[in-house]
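Submitted below is the structure of interest, expressed as structure tokens.
The values are calculated or read from the model by the stated rules, or taken from the named source; none is laboratory data. Since we're looking at a predicted model, the values are computed, not measured. Counting neighbours? That spans all protein chains shown, and the Cβs are built from the backbone with ideal geometry, glycine included.
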Amino acid sequence: MSVIDEIDVRGLTCLEAGTGAGFMTRYLAERGAKLVYSISNNQEHLDYARKRLPKKYIEKVKFIKADLRKLPLLNRTIDLTTAHMLVNVVNPVDLLLIFKELTRVAKNNALMVVNDYNPLSSYRDERSHIVEELFRIENATHYLTRGEPALVWYPSEYISEILKFLGWRIETVELMYDRTHGRRSCSKNISK
Amino acid sequence: MLKEHLEVIENECEKINGKNLRRSLVSLAVEILNQVDEGETVYAGTIYSIVARKKK
């Protein structure tokens, strides 16, 4: 969460698009956000995130079950939107619809932070093929059962172009851990 | 974390009708996972962080 660390969220109305485990929701609440909408279409994720949110923040967070392509929020109401590890589970068509909707609810001059995985080929060493092979099988099983892959890796350039198309100015694109470790290799840390 | 992916594969495979295909996908996944030593970290790909501002 290194990039979000540098944003002063105090008093902001925030939206976590895709609650997941609720890490970002909790983080925004802890750091003084006025209100956090934590929205997901997955009730299990919402329940899990709500359970692990300290009680003192519960009034600042609204957990909402909804389709990210059709948010139950008014136009231009959000100061800061976060999409933390959301993009890799969204197909290309829905991706555009979701970002269009996130744009609708964002105030003028609002910020958006998108964290996600670059394609596996963006960094590899002699052991990376293990991860690649496992993910290939995971995607193959999803193709067989659901007709689409489980995971999609969009290059950061692709996401940036979508945002620019929808009227956003790209302020920074960073690889996480860069500033901490001074090298590019510390990402997608996947251990057994 | 790779073990979590194995669980996902196993769960998805339960929905596949072909018994042989189901077994072969799971055993392939286990075989791959066994190549990773306990406590080893495997790196693949990078994580990006984009900060964008909505134009007025």
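Does the stretch A:151-161 hold any residues that are buried (at least 17 other Cβ atoms within 10 Å of the Cβ) and not in a helix (DSSP H, G or I), and which are they?
Matches in the stretch A:151-161: A:Val152, A:Trp153, A:Tyr154.
Assuming A:Glu148 fulfils every condition listed in (1) at pLDDT below 90; (2) under 20 Å from B:Glu10 (Cβ atoms); (3) surrounded by 13 or more Cβ atoms within 10 Å (Cβ to Cβ) apart from one, which condition is it?
(3)
Looking only at residues that are more than 7 Å from chain B (Cβ to nearest Cβ) and more than 24 Å from the chain's Cα centre (by Cα) in the stretch A:123-139, which one is surrounded by the most Cβ atoms within 10 Å (Cβ to Cβ)?
Only one residue tops the list, namely A:His129.
Out of A:Asn109, A:Asn75, A:Asn88, which single residue is assigned to a loop (DSSP other than H, G, I, E, B), surrounded by fewer than 16 Cβ atoms within 10 Å (Cβ to Cβ) and of a type outside the set (Lys, Arg)?
On the way: A:Asn109 fails: assigned to a loop (DSSP other than H, G, I, E, B); A:Asn88 fails: assigned to a loop (DSSP other than H, G, I, E, B).
On inspection, the qualifying residue turns out to be A:Asn75.
Examine the stretch A:140-152 for a residue that is facing chain B (nearest Cβ under 8 Å), among the acidic types (Asp, Glu) and farther than 18 Å from A:Leu15 by Cα, and state whether such a residue exists.
no
Same structure, new question: In the stretch A:1-55, which residues are of a type in the set (Val, Ile, Thr) and part of a strand (DSSP E or B)? If you could, list the steps in order and put the result at the bottom.
Restricting attention to the stretch A:1-55, the residues satisfying the condition of being of a type in the set (Val, Ile, Thr) are A:3-4, A:7, A:9, A:13, A:19, A:25, A:36, A:39.
Hits for the stretch A:1-55 are A:Thr13, A:Val36, A:Ile39.
A further question on this structure: Here are the criteria: (1) under 30 Å from A:Lys107 (Cα atoms); (2) surrounded by fewer than 12 Cβ atoms within 10 Å (Cβ to Cβ). Tell me which single one B:Tyr48 does not satisfy.
Of (1) under 30 Å from A:Lys107 (Cα atoms); (2) surrounded by fewer than 12 Cβ atoms within 10 Å (Cβ to Cβ), only one is false for B:Tyr48: (2).
Which members of the stretch B:11-32 meet the condition of being within 7 Å of chain A (Cβ to nearest Cβ) and not basic (Lys, Arg)?
First, pick out the residues of the stretch B:11-32 that are within 7 Å of chain A (Cβ to nearest Cβ): B:12-13, B:15-16, B:25, B:28-29, B:32.
Scanning the stretch B:11-32 gives B:Glu12, B:Cys13, B:Ile16, B:Leu25, B:Leu28, B:Ala29, B:Ile32.
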